[in-house]
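Structure, as structure tokens:
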Amino acid sequence: MARCDDLAATVLVVTCWHIWDARNKLREENINQHPSSLALKIKAYVDMIVEHLFITKTNHRREPSTTTSWVPPPAGKVMINVDVALFTNARSMGAGVMTREHSGSCIVCCGIGVPEVILLELAEAIAIQRGLQFALSEGLREVLLASDCLTVVQRINSPSLDRSIYGPVIQDIKQLRASLVETSNP
């Protein structure tokens, strides 16, 4: 548990408690709960905890403290920029993916929406994943990747296996990057 982040520890504790409670109900009251019903209860309970304890209700959008501008990729390469927005009331995320060449011209872009995503890092990882999938489907192979989520960028660049809740998405990003000629995070 000492190596877990808060969310993983919460999921573990809630799961153990619900299994213990289901065992007691079966033993003491002869009430047998179906595993899928138990899983739904666990998910609902974890979602409630995450919504009320881990995610603040404040506006996370802030203006940058310094003026920033887009830096073009070198000639012959393209840059994939991703940005996400969380819609906590709708329990979903939206993301924009834009691919531009060295002159700044947009080559391709897309927008995506994904339900049931309320964690910023997971949303950013999904946006990067979709951006790389989109680039590969368009035949783009020499890309630079731009993201404003340092945590996700560090996890992508880490050689170790990511065991966080969004670790599978990070692993998929690493595999997608291996399909490209060159990728880097500016």
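The values are calculated or read from the model by the stated rules, or taken from the named source; none is laboratory data. This is a predicted model, so every value here is computed, not measured. Counting neighbours? That spans all protein chains shown, and the Cβs are built from the backbone with ideal geometry, glycine included.
I'm checking my understanding of the structure. Among residues of region 75-92 that are among the β-branched types (Val, Ile, Thr) and either loosely packed, with under 10 Cβ neighbours inside 10 Å or over 23 Å from SER105 (Cβ atoms) (or both), which one is modelled with the highest pLDDT?
Looking at the filtered set, the residue picked out is VAL84.
Does region 93-110 hold any residues that are in contact with a strand residue (DSSP E or B) (Cβ under 8 Å, 6 or more places away or on another chain) and either surrounded by 18 or more Cβ atoms within 10 Å (Cβ to Cβ) or on the phi > 0 side of the Ramachandran plot (or both), and which are they?
Answer for region 93-110, where residues must be in contact with a strand residue (DSSP E or B) (Cβ under 8 Å, 6 or more places away or on another chain) and either surrounded by 18 or more Cβ atoms within 10 Å (Cβ to Cβ) or on the phi > 0 side of the Ramachandran plot (or both): MET93, ALA95, VAL97, MET98, THR99, ARG100.
Go through region 75-100 and count every residue that is of a type in the set (D, E, K, R) and assigned to a loop (DSSP other than H, G, I, E, B).
Here is the first cut: in region 75-100, the residues of a type in the set (D, E, K, R) are 77, 83, 91, 100.
Subsequent filtering for residues that are assigned to a loop (DSSP other than H, G, I, E, B) retains 77, 91.
So the count comes out to 2.
Residues are listed down the side, and each one gets a yes or a no for (1) crowded, with 21+ Cβ neighbours inside 10 Å; (2) without any contact (Cβ under 8 Å) to a residue 24 or more places away in the chain:
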{"residue": "ILE112", "(1), (2)": "no, yes"}
{"residue": "PRO115", "(1), (2)": "no, no"}
{"residue": "ALA125", "(1), (2)": "yes, no"}
{"residue": "GLN133", "(1), (2)": "no, no"}
{"residue": "LEU136", "(1), (2)": "no, no"}
{"residue": "LEU140", "(1), (2)": "no, no"}
{"residue": "VAL143", "(1), (2)": "yes, no"}
{"residue": "ASP148", "(1), (2)": "no, no"}
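Would you be able to say whether some residue in region 66-74 is in a strand (DSSP E or B) and modelled with pLDDT of 85 or more?
There is no residue in region 66-74 that is in a strand (DSSP E or B) and modelled with pLDDT of 85 or more.
Hey, any hits in region 160-173 for a residue that's hydroxyl-bearing (Ser, Thr, Tyr), under 16 Å from LYS77 (Cα atoms) and either assigned to a helix (DSSP H, G or I) or at pLDDT 85 or above (or both)? Before the answer, list the steps.
Here is the first cut: in region 160-173, the residues hydroxyl-bearing (Ser, Thr, Tyr) are 160, 164, 166.
Narrowing further to those that are under 16 Å from LYS77 (Cα atoms): none.
For region 160-173, residues hydroxyl-bearing (Ser, Thr, Tyr), under 16 Å from LYS77 (Cα atoms) and either assigned to a helix (DSSP H, G or I) or at pLDDT 85 or above (or both): absent.
Take ALA44 and tell me if it is at pLDDT 80 or above and small (Gly, Ala, Ser).
So ALA44 does not fit the description; no.
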